[in-house]
Each structure stands twice: as structure tokens, then as C-alpha cells.
Amino acid sequence: MNLIEELRWRGMLQDMMPGTEEQLQKEMTTAYIGFDPTAESLHIGSLVPILLLVHLQKAGHKPLALVGGATGMVGDPSFKAEERKMLDLDTLQKNVNGIKAQLERFLDFDPAKPNAAEMVNNFDWFQHISFLDFIRDTGKHITVNYMMAKDSVKKRIEGENGMSFTEFTYQLIQGYDFYHLYTAKNCKLQMGGSDQWGNIVTGTELVRRKARGEAFAFTCPLIKKADGTKFGKTESGTVWLDPKRTSPYAFYQFWFRTSDEDAESYIKIFTFMEQQEIEDLITEHRKDAGQRLLQKRLAKEVTTFIHGEESYNFAVEASSVLFNKDTAAILSSLSEEDLMDLLNNIPKYEISRADIEAGKDIVSLAAESGLLPSKSEARKMVQGGGVSVNKVKVPGIDMVVNTESLLRDKYILLQKGKTYIVVQTV
RNA sequence: GGGCAGGUUCCAGAGCGGCCAAAUGGGGCGGACUGUAAAUCCGCUGUCUACGACUUCAUAGGUUCGAAUCCUAUCCUGCCCA
């Protein structure tokens, strides 16, 4: 099975330029994907592009990961309703570095290999290009009519908020990247999410007109959930790849909670499992969906890929305790070490022991620990029966937490729905 | 620079002098049911020293017993014209 066939059955192929498959058959091809430095860490939205690069490298081709130090200064307007906030240069630089560090873990950069991955930053070539040079040498090749015809731009032009010249320029800047990589690194293929199609095509166009070369492209569909809501968000926000921002436990939980419908497509996209194995697993899962076979495996594969096996094991263990029916009993029987290990995955809040000894009302504790954003919310949530202490539902807002609630004489496990916070006395 | 439209709670979007912490929808969160799924149903969704008080409807002033609603100035946004 060649790369394109592989991606196709996995459901990772949306649009493809004619000749792309042939090009990939013909020779070792260098291909790139751009990553936006909007934050210091990548999140799971970037997972698909990363996986595309990994698949590409596995198939013997050479992946380039581009971090958009320059494009990040402009902001991609594609399908966005409003003008983007500008990042200051320091933040941008920090983000670029953070993203670089993460990407390095997923691709093989061993220079001994002919298809070693490489990292590039478009700021490196854009910083030397003057505005005049750019509009003269590059802008000449593309008409405004062409740029405006793009779906991604049309919406903004017809929309209410308009679009700045800066953002309008974006596709040309990104297009130039492709041209540059084509001439400098013989890069003939660009990949990306389907929202990037317009920008990517501008790039191939530039390669054709400016360098008289031939460039190819394909995109993968944007991941959606079956119910139409946004992929990659949880109640606590974005799911990041950085364990400091999203703990491996939370990461594992995110995948574990996938719906049956989504799990079938996700397991193809987000894991490297073989086709046969996946199909068998899906059949098996359908027989008894309550077993959550798919979700378990999906969570295992992805968590291991991103955070490693050890973190995965922790996550599983923590989950099995936290979601057990007898959690309350288990919690009080665990040794301090085991409890520590378990609680380590959960956000912590420290409080002085004296405060607990004096007795602390549940509403204040929930608010101060950050379980709920304010006392009002805490009050409402408790009244609605949404808060538990050590897995026992809080009966009312006048409940007082004191030393009797301490596990191992030291910890309290606060819970709101499926999120937990550990209160630790010091 | 000129003309027009507009800035309301996370978003969309009502309200146009008291009945407004502000309709409705979406989103979010929680509960029930289940399989830590989906669908469905229910509740919550400004803050607090909490049957009451306080701060909010771009900003600053003003009119009024009383303003998100009226007036004035300022700022911002979009559209059209130069």
C-alpha cells in the first residue's frame, strides 16, 4: 500500500493535486507542512499534520516541518471571522522555540538518513526580503483577482468585519514559502489541513510561474466531532501536547471519552495500527460497545505516542481508581505512596492544616482551590448536586470540611463532574 | 475629510425611561438515564458578608424621583463617497 492509499483508507485525504501520487511513486520526495506559532505548545489540532509528516517519513520521503516565525506575524485569515490579534515578537520567538522542541520528538532528525526530517523557520528567509522586493518579484506573479477568488478570503471580504491588507497578504507569504523551499530544498509537496487548500494552491502557482517548476499538494480533512461541536476542547479548554499544560491523565481521558461514532474514525487517523487490526477491533467493539474497546485502545495508542508508556500507565491507573464505583472505599485504603502516585496526575491546591482543623465551608474551599471560579458558582454547583468530596456527594452548602475529611490525614479529593482537584494540607 | 449604520452579559441577538442582572437561541457547566458514549430530559450560566446588597449594557459627563434605554462629548467598528 503506498502512502496515498494508506492515507485514503485512514480518511486523511481531502483534496489532492493531480500527479501527486505519481510524484511520490517516482522518487524520494521532500514535503512540508507549516505550523502556526500561536502558542508555546502545540495542541491536538496539530496532531494530524504531525501524523502526516510521520506517515510521509515512514514511506521513505523527507519531511520538513516549517514553523511560521514570519507568517505568525501576519496571521492566517482563512475562514476566520475576524482579524487576528498580533503577537509581539518576544512571544512569537518563544512560541517558535516551544513548538520546535515538541516537533523534534515525533520525527526522525538523524542526519545520517537520507530522508532525515528537517526544521525550517520562514522568518529566516523573510527577514532579508524587503517589502519592495517582495511586491516586485513575487506580487507580480499573482493577480488580486486570483487571490480574492479564494473561498477563504471571499467570506471575509463579503462579511461584516472586512479584512486588513496584512491578512490579505497572507496567502502570498505562505505561497512564497513553498517557492522558497522548492528552490532551496527541492521541496515539491505541501500538505496541510483542508482549510489551507487555498493558500497551498497559491504556493504551487508561484512555483509554476516564478520557478517554472512543478509542485504538488494534498490536504487532510479537518477533524470534526459527529455532533458537530469542536474537536480538541474539553471543559478546561484546549488539549495541549505539553504535559505541563494538559496532564497525561487529562490527555488520556480526552481520548477515552470519545463517542463510538468518532472513535471509529479517530482510531484510523490518530494511531499507526494496521488496517486489518483496526477493522477487527471495530467489529469486536460493535458487538459490545459498552466495553469501550475502541476508546481504550485509541487512548492508549495516542497517549503512548505523545507522552510515553509510563505516563500512559499512570493515567490508566488513576482513571481506574477515580471512575470505580467503590472509589470512596479504595481511596481510604490506599497507602500514602499509592495515593501520592494517583494524586500526582491531578491538579493540586495547598492549604494550611490549621484552616482545615478550624473547619472550612465547602463553598469557600471549592472556590479557593479553583475547582469553581467563584463562590457564587460554587454555591450553585453544590446546590445542584455537582460537587463531591472524596467521591461522596456534598449534601448542601452548609457542609463544613474538617480533619475528618482528610485522606491519610493529609489530602482531600474535590470533584466537580469529571474534573478533580486535590487539596493538600501543609 | 463627508455621509450612513452601529457598539448590550462567552457568542449571536432582543430591549428603546420604571415590571432589567437584562427576553430568546447557541455554547459552556452540572444532574438524571447509560457504557467516563450518543440521544433525551432537568437545572445553572455577573459578584458578594446572599430572602438582601453591590457592580454591569463602548467611555466620560448631563437630564430625571428613576436610564441599557433621552441629551452632549469622546473613542472604536463596518459600509458608502472623496
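The values are calculated or read from the model by the stated rules, or taken from the named source; none is laboratory data. Note that the structure is predicted; figures quoted are calculated from it, not measured. Virtual Cβ from ideal backbone geometry, glycine too; neighbours counted across all protein chains shown. Please note that ligands, DNA and RNA were not included when accessible areas were found on the heavy atoms of the full protein model with its side chains. Shrake-Rupley method; radii C 1.70, N 1.55, O 1.52, S 1.80 Å.
For the reader, a short list of remarks on this structure follows.
- Flag if A:Leu334 is surrounded by 14 or more Cβ atoms within 10 Å (Cβ to Cβ) and within 16 Å of RNA strand B (Cβ to nearest atom): no
- Region A:305-331, residues that are within 16 Å of RNA strand B (Cβ to nearest atom) and either free of Cβ contacts under 8 Å to residues at least 12 places away in the same chain or open to solvent by 70 Å² or more (accessible area, probe 1.4 Å) (or both): A:Asn313, A:Phe314, A:Glu317, A:Ser320, A:Phe323, A:Asn324, A:Lys325, A:Asp326, A:Ile330
- Region A:102-151, residues that are in a helix (DSSP H, G or I) and of a type in the set (A, V, I, L, M, F, W, C): A:Leu103, A:Phe123, A:Trp125, A:Phe126, A:Phe131, A:Leu132, A:Phe134, A:Ile135, A:Val144, A:Met147, A:Met148
Results for (1) within 11 Å of RNA strand B (Cβ to nearest atom); (2) part of a helix (DSSP H, G or I); (3) free of Cβ contacts under 8 Å to residues at least 60 places away in the same chain, shown as yes or no for each residue.
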{"position": "A:Thr258", "(1), (2), (3)": "yes, no, yes"}
{"position": "A:Gln276", "(1), (2), (3)": "no, yes, yes"}
{"position": "A:Asp280", "(1), (2), (3)": "no, yes, yes"}
{"position": "A:Arg286", "(1), (2), (3)": "yes, yes, yes"}
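- Selected residue (only one of A:Lys100, A:Lys62, A:Lys140, A:Lys58 is farther than 26 Å from A:Asn2 by Cβ, surrounded by 14 or more Cβ atoms within 10 Å (Cβ to Cβ) and of a type outside the set (Asp, Glu)): A:Lys100
- Checked against (1) open to solvent by less than 30 Å² (accessible area, probe 1.4 Å); (2) away from RNA strand B (no atom under 16 Å from the Cβ); (3) not acidic (Asp, Glu), A:Val153 passes all but condition (2).
- Within region A:323-330, the presence of a residue that is of a type in the set (Val, Ile, Thr), assigned to a helix (DSSP H, G or I) and either in contact with a Pro (Cβ under 8 Å, 6 or more places away or on another chain) or within 27 Å of A:His43 (Cβ to Cβ) (or both) is excluded.
- Against the test of being hydrophobic (A, V, I, L, M, F, W, C), touching a residue at least 12 places away in the same chain (Cβ under 8 Å) and touching a Leu at 6+ places or on another chain (Cβ under 7 Å), the options A:Leu343, A:Leu293 yield a single qualifying residue, A:Leu293.
- Yes/no for A:Pro373 being closer than 19 Å to A:Ala250 by Cβ and either in the same structural domain as A:Ser259 (by TED's automatic domain parsing) or in a loop (DSSP other than H, G, I, E, B) (or both): yes
- Restricting attention to region A:244-267, the residues that are modelled with pLDDT of 90 or more and open to solvent by 60 Å² or more (accessible area, probe 1.4 Å) add up to 2.
- Among the candidates A:Glu404, A:Glu357, residue that is at pLDDT below 90, more than 34 Å from the chain's Cα centre (by Cα) and either part of a helix (DSSP H, G or I) or of a type in the set (Ser, Thr, Tyr) (or both): A:Glu404
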